[in-house]
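Reviewing the structure listed below.
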2 protein chains.
Amino acid sequence: MANKKRTTLKDIAKVLNISPAAVSKAMHDDSRISDKTKKAVNRVAKELNYQPNHIASALRKGKSNLVGVIVPRTNSNFFSSVIENMEEVLNKEGYNIIITQSNESFQKECSNIDTLLFTQVDGIIASMANETVDLSYYEKVKSKGIPLILFDRGENDLNVDYVGIDDYESSHMIIKHLISKGCKRIAHIGGFRRTRIFNNRIRGYVDAIHKYNLPHEDHLLLESSLTLEDGRAKMKELLKLKNPPDAVYVAGDYAALGALQVLNEQKIRVPEDICLVGFGNEPFTSLVSPSISTVNQHSNEIGKIAAETFIKRINTDNWTPKLEKNILKSELIIRSSSNR
Amino acid sequence: MANKKRTTLKDIAKVLNISPAAVSKAMHDDSRISDKTKKAVNRVAKELNYQPNHIASALRKGKSNLVGVIVPRTNSNFFSSVIENMEEVLNKEGYNIIITQSNESFQKECSNIDTLLFTQVDGIIASMANETVDLSYYEKVKSKGIPLILFDRGENDLNVDYVGIDDYESSHMIIKHLISKGCKRIAHIGGFRRTRIFNNRIRGYVDAIHKYNLPHEDHLLLESSLTLEDGRAKMKELLKLKNPPDAVYVAGDYAALGALQVLNEQKIRVPEDICLVGFGNEPFTSLVSPSISTVNQHSNEIGKIAAETFIKRINTDNWTPKLEKNILKSELIIRSSSNR
DNA sequence: TATATTTGCTTAATCGATTAAGCAAATATA
DNA sequence: TATATTTGCTTAATCGATTAAGCAAATATA
């Protein structure tokens, strides 16, 4: 293979008979370098096909221009869209991202953090695994003094910047919508209470139910892992009640799909007999029949804001303890499953 | 924030009153360093919470231990699963990966390649965008002398290592299956011929049709972008034929879903009136009704082999022109849409 | 006992790019 | 004209880890 050595600043300097330092400054458009020299440097750089050695510059400047990203899984419309938008902002600022997946495993998440720190990333943007309760690894990131930004699955105790949607308010929006469709007994298949976002959805559900004077019964509120399978199981539980609900609000789209499958199998008409609303706007929600009403979490905005928050942090030397908590409004997408 | 400087080899050396060189060697278990010193070094390293500066070592050794990955999009079960398996192999060997998405855009793909080269990756593992015809950017990677491995969407002209499934044979398998279900007029909604994998599926379809003496008519073979929308359009075209097919083999799952929607809308029974088979085993194929028969591409194996091929290449100094072409057997998953 | 080898380290250079400090020539200002 | 400032560079050190070369002491071999 062509193993010709790469061109360095020194090579350019030699051609022009100036110092490497002058070349470096010319490349960075330093005001103390003449236009003539700058032009010559750029010309020779192009001729020799110069590509800066990013590693050398990283070592000298003490920063890698890499941002680590940790997500539960990339294989989800929400996360991949967040990443895409994050990337756009960060690339523009000269940063590249290293994406890692935790697969919802706490252990994998910890090892990802170690990997990213080892790679000397300049910051970490993360959404936590469902399993994660112990925050010591994130404390480790904080103690390194590099920016840590959480999104979607954040943890308030950590005291770091956060971007996400207003889960509490989203629940209100859903309940209000279901009531407008004439629903009188609304059940909630929620996520695990220990995860903040799911806890907020549950609180929102309970408060909205009270606000509108609907029956709030313990067996109408179930906690779930929100997998498709568990969505099926929880829907079956609800159908076995002697007084089943006329609407079900599920805190995740996969579980909502499971619920829908059970309803279809049992020939219960959706939305005529039971209205169904999911959460997350996964693409399949519009593909199944009936299509599932769900909540759009503005993944593009979240990605963009998370990236911008990072940029802001990295550019302020004087660490300000003021945190950015960006809570976005979500959007209810009404489809067949609740549109009666 | 705690901005205490990171511990370096020098710090450890100072504590033990030996040279940084000795510390470095002790860390790497050099045979010329005494056990006593090694133990002491490890003890102090732990005490001072030493983390090696990856960047400094990368600069000195001329390698970054980063592998660049380019995929059309991470938001697909196939690609995210490939990446997951690749990561596992590479992490074990001390490599980290930088994932980038081309979003099926040739231009984005080129800029991703530039980004990765700029980041000094030690190699690139890629699956090409649909748009990509011009290979000059990949030639650039080759000319840098770093390993380039392609998977799934590869291009034979490039003369690089490749991992994928046997698309030609997969088509045969599908046609054979459909014939076993009594189908007599089998249509194919294929991808763009310029992409090798789709061309192979088309060739496999045509040859199998001939082999089994089925009618091979031009209007039964359509070329498509394989999006959901185009799947719908092409299915409508097929239904307008005066002699419509009794089975449709679609070269991608999203397009297959589009086709299914049209069939459902027009009250054509699947599989009774028309059998449907997709390609790729995207999760939703098992979720829609009827569930869609499809082809599993062994994403885990592909990821593993691609990573292993990279490791093999990076560890052989003497460049051997012998290429690895790994063609895996695929697996047909028979579901309701073709099981009559 | 005399020489050869091995052990366990040190010294100094290196990977490229960057930057603080400084210097001479050119230009501006008093 | 004398001094101050600006311009356009150079010199040398630096970011940490690594490694070739080498040296003295310890050990092995003849």
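The values are calculated or read from the model by the stated rules, or taken from the named source; none is laboratory data. All values reported here derive from a predicted model rather than from experimental measurement. With ideal geometry, Cβ positions are generated from the backbone for all residues, glycine too; neighbour counts draw on all protein chains shown. Just the protein is used for accessible areas: all its heavy atoms, side chains included, with ligands, DNA and RNA removed. Shrake-Rupley method; radii C 1.70, N 1.55, O 1.52, S 1.80 Å.
List the number of the failed condition for A:LEU226; all other conditions in (1) over 17 Å from A:TYR254 (Cβ atoms); (2) of a type in the set (A, V, I, L, M, F, W, C); (3) modelled with pLDDT under 95 hold.
(1)
Which numbered condition in (1) of a type in the set (Gly, Ala, Ser); (2) under 39 Å from the mean Cα position of the chain (by Cα); (3) surrounded by 18 or more Cβ atoms within 10 Å (Cβ to Cβ) is the only one that A:SER105 fails?
(3)
When you look at B:ARG340, is it within 12 Å of chain A (Cβ to nearest Cβ) and in contact (Cβ under 8 Å) with a residue 60 or more places away in the chain, yes or no?
Judged against the criteria, B:ARG340 is not a match.
Looking at the range B:307-329, is at least one residue acidic (Asp, Glu) and modelled with pLDDT of 95 or more?
Checked against the condition, which is being acidic (Asp, Glu) and modelled with pLDDT of 95 or more, the range B:307-329 yields at least one hit.
Would you check if there is a residue in the range B:53-65 being under 27 Å from A:ASN75 (Cα atoms), away from DNA strand D (no atom under 16 Å from the Cβ) and not small (Gly, Ala, Ser)?
There is no residue in the range B:53-65 that is under 27 Å from A:ASN75 (Cα atoms), away from DNA strand D (no atom under 16 Å from the Cβ) and not small (Gly, Ala, Ser).
Answer yes or no: is there a residue in the range A:73-91 that is of a type in the set (Asp, Glu) and near DNA strand C (Cβ under 10 Å from one of its atoms).
No - not one qualifying residue is present in the range A:73-91.
Cβ-Cβ under 7 Å, sequence separation 6+ or interchain: first residue in the range B:6-18 and among the basic types (Lys, Arg), partner not in a helix (DSSP H, G or I). Which pairs?
Filtered contacts from the range B:6-18: B:ARG6/B:GLN51.
Would you list the strands (runs of 3 or more DSSP E) that sit entirely within the range A:179-284 and hold 1 or more residues that are surrounded by fewer than 18 Cβ atoms within 10 Å (Cβ to Cβ)?
Result: A:221-223.
Considering only the range A:31-43, how many residues are surrounded by fewer than 13 Cβ atoms within 10 Å (Cβ to Cβ) and either more than 10 Å from DNA strand C (Cβ to nearest atom) or within 15 Å of A:SER57 (Cβ to Cβ) (or both)?
5
Just the residues that are charged (D, E, K, R), more than 24 Å from A:ASN315 (Cβ to Cβ) and open to solvent by 30 Å² or more (accessible area, probe 1.4 Å), please, taken from the range A:140-174.
Passing the criteria: A:GLU155, A:ASP157, A:ASP166, A:GLU169.
Which residues, counting only those in the range A:1-20, are within 14 Å of DNA strand D (Cβ to nearest atom), under 30 Å from B:LEU148 (Cα atoms) and open to solvent by 50 Å² or more (accessible area, probe 1.4 Å)?
A:THR8, A:LYS10
Mind telling me which of the residues A:LYS25, A:LYS38, A:LYS10, A:LYS5 ends up being within 14 Å of chain B (Cβ to nearest Cβ) and of a type in the set (Lys, Arg)?
From the options A:LYS25, A:LYS38, A:LYS10, A:LYS5, the qualifying one is A:LYS5.
Go through A:VAL71, A:VAL89 for me and flag whichever is open to solvent by less than 10 Å² (accessible area, probe 1.4 Å) and among the aliphatic types (A, V, I, L, M).
Checking each option against the conditions leaves just A:VAL71.
Among (1) within 12 Å of DNA strand D (Cβ to nearest atom); (2) open to solvent by 20 Å² or more (accessible area, probe 1.4 Å), which single condition is A:VAL23 missing?
Exception for A:VAL23: condition (2).
Please indicate, with yes or no, whether at least one residue in the range B:75-84 is out of contact with any Lys or Arg (no Cβ under 8 Å at 6 or more places or on another chain), within 16 Å of DNA strand D (Cβ to nearest atom), open to solvent by less than 50 Å² (accessible area, probe 1.4 Å) and not small (Gly, Ala, Ser).
Looking for residues that are out of contact with any Lys or Arg (no Cβ under 8 Å at 6 or more places or on another chain), within 16 Å of DNA strand D (Cβ to nearest atom), open to solvent by less than 50 Å² (accessible area, probe 1.4 Å) and not small (Gly, Ala, Ser), one finds none in the range B:75-84, hence no.
Let me confirm something: among A:ALA56, A:ALA26, which residue is more than 8 Å from DNA strand C (Cβ to nearest atom) and either outside any helix (DSSP H, G or I) or within 25 Å of A:ASN91 (Cα to Cα) (or both)?
A:ALA26
I'd like to verify a number: residues in the range A:47-68 that are more than 7 Å from chain B (Cβ to nearest Cβ), surrounded by 21 or more Cβ atoms within 10 Å (Cβ to Cβ) and small (Gly, Ala, Ser), how many?
Within the range A:47-68, residues that are more than 7 Å from chain B (Cβ to nearest Cβ), surrounded by 21 or more Cβ atoms within 10 Å (Cβ to Cβ) and small (Gly, Ala, Ser) number 1.
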